[in-house]
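As structure tokens, the structure follows; a few thoughts come after it.
The values are calculated or read from the model by the stated rules, or taken from the named source; none is laboratory data. Every value quoted in this text rests on a predicted model; they were computed, and no experiment measured them. Methodologically, a virtual Cβ is constructed for each residue, glycine included, from the backbone with ideal geometry; neighbour enumeration extends over all protein chains shown. In case anyone asks, the SASA skips ligands and DNA or RNA and just uses the protein heavy atoms, side chains included. Shrake-Rupley method; radii C 1.70, N 1.55, O 1.52, S 1.80 Å.
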Amino acid sequence: MTDPALAELAPEYVRRIAPYVPGKPVEELARELGLDPATIVKLASNENPRGPGARVRAAIAAAAGELARYPDGNGFALKTALAGRLGVPAAQVVLGNGSNDILELVSLAFLEPGDEAVYAQHAFAVYPLATQARGARGIEVPARDYGHDLAAMRAAISARTRVVFVANPNNPTGTWLPPADVRAFVASVPRDVVVVLDEAYNEYLEPHDRADSVSWIAAHPNLVVSRTFSKAYGLAALRVGYGVADATVADLLNRVRQPFNVNALAQAAAVAALADNAYVEESRALNREGLAQLCNGLDTLGIRYVRSHANFVLANVGEAGRINVALLRQGVIVRPVANYGLAQWLRITVGLPRENERFLAALSRAMAE
Ligand SMILES: Cc1ncc(COP(=O)(O)O)c(C=O)c1O
């Protein structure tokens, strides 16, 4: 039983928050349908279907021997490794409990009631959530071809705007902005507005499509670049991501984070994952092939989709609610995206070849029903 009087204790802007809807867990569907979890295919949360590599598993096993102690609250080893890789001082790196944490830290540090945050229509759901949780006002800028309209986003920045969120590539649309356009946008934003460039899917881009966005921070100290170990590095369960910012901005973000926001297993795993370049390369190659497999299958079925630069594809299946239920009944979990204003669409994460095949066969049956 819920108690409306208790709910009144929270500010109105908190009560209005529509909770984040995650992908359906495998175990939940297995319970609902009485299925063996091993037979279920989950292509719903943009995870790396390979999971972490052998070196990372070994690092996690080693760190598991030290669970009685708090983790290093300053994440020395991981920050040092990231700083070395990115060519910035460690003081410019902020660790997060997933990159979601970085988005939250920015909103905590820079937004208060009355402020505005600008983001695109169909952009990652956490931007409006993090904005609303601070009592700030979200300004949603209509998308162009399902992607960010940077000129319109620039025009939407007002004297009240404190934060702008840009996802590149964007989830759930998979759209991508050329680095030169993003850089020009960052340069055009007033210095008293923080630009969060969310690059959660950066490692899935082909190297020539990637922006050297961290190097822009020197000229644009209002830029925060966020990245994650949840996607190409295969560590979604451990929750570890990072932000790179001007040292002053990083210091502010560190003030509002929990003292031990990244656990010890996550830190050890991330250090090992960062060192394993071959693993990330292989994951990108596997994703490229899997994405082509999914797109070819969708073409064959005559289903329209948005060209993706990430590890998922957004497909217009028409009756998305019905198709989703039909897929679930066949043990295939994908992500409905009606909450993104995309009622006819489903987002499908690229899986292993056999998982992609299972999805396409299930979709074909669902469309014929
Ligand atoms: C665009 C984007 N940013 C950030 C995140 C947050 O991921 P994590 O907190 O696992 O790093 C996601 C996760 O789906 C995402 O799609």
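Of all residues in the range 71-95, those that are more than 19 Å from Phe260 (Cα to Cα) and without any contact (Cβ under 8 Å) to a residue 60 or more places away in the chain have Cβ atoms under 8 Å from Cβ atoms of residues that are of a type in the set (A, V, I, L, M, F, W, C) and open to solvent by less than 30 Å² (accessible area, probe 1.4 Å), 6 or more apart or on another chain, in Ala83/Val93. Per the listing Asn202, Asn254, the residue uniquely modelled with pLDDT of 95 or more, within 11 Å of the ligand (Cβ to nearest atom) and polar (S, T, N, Q) is Asn202.
Every test in (1) out of contact with any Leu (no Cβ under 7 Å at 6 or more places or on another chain); (2) farther than 21 Å from Asn287 by Cβ is passed by Val94 save one, and that test is (1).
Going by what's in this entry, would Ala59 be described as free of Cβ contacts under 8 Å to residues at least 12 places away in the same chain, in a helix (DSSP H, G or I), open to solvent by less than 50 Å² (accessible area, probe 1.4 Å) and out of contact with any Gly (no Cβ under 9 Å at 6 or more places or on another chain)? No; evaluated as a whole, the condition is false for this residue.
Scanning for something within 16 Å of the ligand (Cβ to nearest atom), open to solvent by 30 Å² or more (accessible area, probe 1.4 Å) and in contact with a helix residue (DSSP H, G or I) (Cβ under 9 Å, 6 or more places away or on another chain), does the range 68-90 turn up at least one residue?
Pass one, the range 68-90, residues within 16 Å of the ligand (Cβ to nearest atom): 75, 78, 82.
Now restrict to residues that are open to solvent by 30 Å² or more (accessible area, probe 1.4 Å): none.
Taking every residue of the range 68-90 in turn, none turns out to be within 16 Å of the ligand (Cβ to nearest atom), open to solvent by 30 Å² or more (accessible area, probe 1.4 Å) and in contact with a helix residue (DSSP H, G or I) (Cβ under 9 Å, 6 or more places away or on another chain).
So in the range 107-134, with the set limited to residues that are surrounded by fewer than 20 Cβ atoms within 10 Å (Cβ to Cβ), of a type in the set (A, V, I, L, M, F, W, C) and within 18 Å of the chain's Cα centre (by Cα), which one is farthest from the ligand (Cβ to nearest atom)? Applying the filter and picking the extreme gives Leu129. Exactly one residue out of Glu140, Glu104 is in a strand (DSSP E or B), open to solvent by 30 Å² or more (accessible area, probe 1.4 Å) and within 16 Å of the ligand (Cβ to nearest atom), and it is Glu140.
Against the definition (under 28 Å from Tyr127 (Cα atoms), free of Cβ contacts under 8 Å to residues at least 60 places away in the same chain, open to solvent by less than 50 Å² (accessible area, probe 1.4 Å) and touching a Pro at 6+ places or on another chain (Cβ under 9 Å)), how does Asn316 come out, yes or no?
So Asn316 fails the test.
Considered as a group, the residues in the range 339-353 that are closer than 11 Å to Leu294 by Cα and open to solvent by 10 Å² or more (accessible area, probe 1.4 Å) include one that is nearest to the chain's Cα centre (by Cα), and that residue is Leu352.
Within the range 143-175, if we keep just the residues that are open to solvent by less than 10 Å² (accessible area, probe 1.4 Å) and away from the ligand (no atom under 14 Å from the Cβ), the residue that is nearest to Val106 (Cα to Cα) turns out to be Val163. Can you tell me which residue within the range 1-44, out of those that are touching a helix residue (DSSP H, G or I) at 6+ places or on another chain (Cβ under 7 Å) and hydroxyl-bearing (Ser, Thr, Tyr), is nearest to Leu346 (Cα to Cα)? Once the filter is applied, the top-ranked residue is Tyr20. Tell me yes or no: at least one residue of the range 298-308 is small (Gly, Ala, Ser) and without any contact (Cβ under 8 Å) to a residue 24 or more places away in the chain. So far as the range 298-308 goes, yes, one or more of its residues are small (Gly, Ala, Ser) and without any contact (Cβ under 8 Å) to a residue 24 or more places away in the chain.
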